[in-house]
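Undergrad: Dropping a structure here in structure tokens format, bear with me for questions.
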Amino acid sequence: MFTAFLSFLFIVPFISAAAINQRAITGPHCIGAAVGDDAHGPYTPEATALSCNTAQGGAIDPAGFVDTDGTGRKDDPSMGLPSLMHVFIVWVVWKIDGNSIGHGGNCNNGVAPIVPTPIMLQQLETDGVTPIGSPVQILDRSDADGPLVEAPSLVKVNGVYVLFFSSNCYSGGLYDTSYATADSIKGPYTKAGAPDAPLLQTGTPYSQLYSPGGLDIGPGGVNVVFHADLGTTVNTRQMYAGQVTITGKTVHFT
């Protein structure tokens with residue numbers, strides 16, 4: 001559905017290092033996009049980044065989302081098209097990497113003053129790469145989230161927007177996956193609380209999990225993938241696949 005609407009162009013968001021000079025290989029990151037005519041590539045990077053947020057620490061963890069505006073339009077029945085079609089709207093979410101310029105401690109953001117790590121939302125043209133207007137902040141860390149929130153993934157089920165995110169530090173056993181919900185794509189988003197969240201954490205709901213995060217949900221709101229440590233070492237992460245059920249503003253694994 002997404003690719004057909006984009007005239008069969010395949011859009012891949014990615015992260016690149018923002019070069020301080022021609023020889024720099026580290027520094028704040030930007031999010032960009034690459035476009036190809038086939039899912040297997042080749043892909044050509046766009047010349048302009050979608051966002052950099054350099055002064056705030058950089059931009060990472062982009063994830064696309066295609067929404068409908070809830071309205072329809074009539075099409076010509078003589079062409080064999082449906083009489084009603086939804087109008088699609090393209091968005092991208094990402095994290096501003098504030099903890100990269102933190103003051104030390106847990107994930108470099110455990111020492112005051114704590115730096116914000118907001119989740120941003122940007123509408124795009126139907127080409128999937130051209131921004132419309134300015135991005136808006138839809139979430140940020142709180143004390144309960146530890147040093148950060150990151151790895152956003154957005155879906156809409158039965159009119160409810162569900163924003164999945166990770167919190168705490170990936171290098172320790174407190175790293176988890178949670179979610180927030182809203183009635184409008186721009187929020188306000190309300191973070192789920194106990195006993196419904198965190199959705200994934202060390203040992204729960206599966207005993208083999210240690211430091212699970214980075215959950216990405218498919219457009220149907222059912223299939224998910226996420227990663228967790230192999231054993232208890234952050235040096236090796238392994239991918240898991242699963243399914244969730246979204247009922248109203250509550251999510252659980254099936």
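The values are calculated or read from the model by the stated rules, or taken from the named source; none is laboratory data. All values reported here derive from a predicted model rather than from experimental measurement. Cβ atoms come from the backbone with ideal geometry, glycine included; neighbour counts cover every protein chain shown. Side chains are part of the model used for accessible areas, which takes the heavy atoms of the whole protein and leaves out ligands, DNA and RNA. Shrake-Rupley method; radii C 1.70, N 1.55, O 1.52, S 1.80 Å.
Undergrad: Provide the net charge surrounding Asp145, with neighbours chosen by a C-beta distance below 13 Å and charges set as Lys +1, Arg +1, Asp -1, Glu -1.
TA: Details: positive: Lys95, Arg141, Lys191; negative: Asp140, Asp143, Glu150, Asp176.
So the environment of Asp145 carries a net charge of -1.
Undergrad: Let's test the formula: R0 of 22 Å, r as the Cβ-Cβ distance of Phe88 and His40. What FRET efficiency results, to the nearest 0.05?
TA: 0.40
Undergrad: Hey, can you grab everything whose amide H is under 5 Å from the amide H of Gly105? Only 5+ residues off in sequence or another chain; H modelled, so Pro and N-termini drop out.
TA: HN-HN under 5 Å from Gly105: Gly110.
Undergrad: I would also like to ask the following. What FRET efficiency comes out for Arg237 versus Asp143 if R0 is 25 angstrom and r is the Cβ-Cβ distance? Round to the nearest 0.05.
TA: Numbers: r = 26 Å, r/R0 = 1.06.
The computed FRET efficiency comes out at 0.40.
Undergrad: Which net charge results when you count Lys and Arg as +1 and Asp and Glu as -1 among the other residues whose beta-carbon is under 15 Å from that of Pro45?
TA: Net of charged neighbours comes to -3.
Undergrad: Which order do Met239, Met120 take by accessible area at a 1.4 Å probe, largest first?
TA: Met239, Met120
Undergrad: Provide the net charge surrounding Gly105, with neighbours chosen by a C-beta distance below 15 Å and charges set as Lys +1, Arg +1, Asp -1, Glu -1.
TA: -1
Undergrad: Follow-up. Could you quote the convex hull projected area for the stretch 100-196, Cα atoms only and averaged over all directions, in nm²?
TA: Its average projected convex-hull area is 7.6 nm².
Undergrad: Give me the number: length gained by fully extending Ile101 to Tyr206, i.e. 0.36 nm times residue separation minus the C-alpha to C-alpha distance, one decimal in nm.
TA: 34.4 nm
Undergrad: Right, something else. At a probe radius of 1.4 Å, what is the per-residue accessible area of Leu215, in Å² to the nearest 10?
TA: Accessible area of Leu215: about 10 Å².
Undergrad: In nm, to one decimal, how far is the modelled label at Lys186 from the one at Ala112, with both set 7 Å along Cα→Cβ?
TA: The modelled label-to-label distance comes out at 3.4 nm.
Undergrad: Tell me, what is the 1.4 Å probe accessible area of Thr190, in Å² to the nearest 10?
TA: Answer for Thr190: close to 90 Å² accessible.
Undergrad: Looking only at the stretch 143-176, which residues have a backbone nitrogen under 12 Å from a spot 7 Å from the Cα of Val222 in the C-beta direction?
TA: The answer is none, because no backbone nitrogen lies closer than 12 Å to the label point.
Undergrad: At 0.36 nm per residue, and after removing the present C-alpha to C-alpha distance, how many nm does the segment from Phe253 to Thr54 gain when stretched out fully?
TA: Gain on extension, Phe253 to Thr54, equals 68.0 nm.
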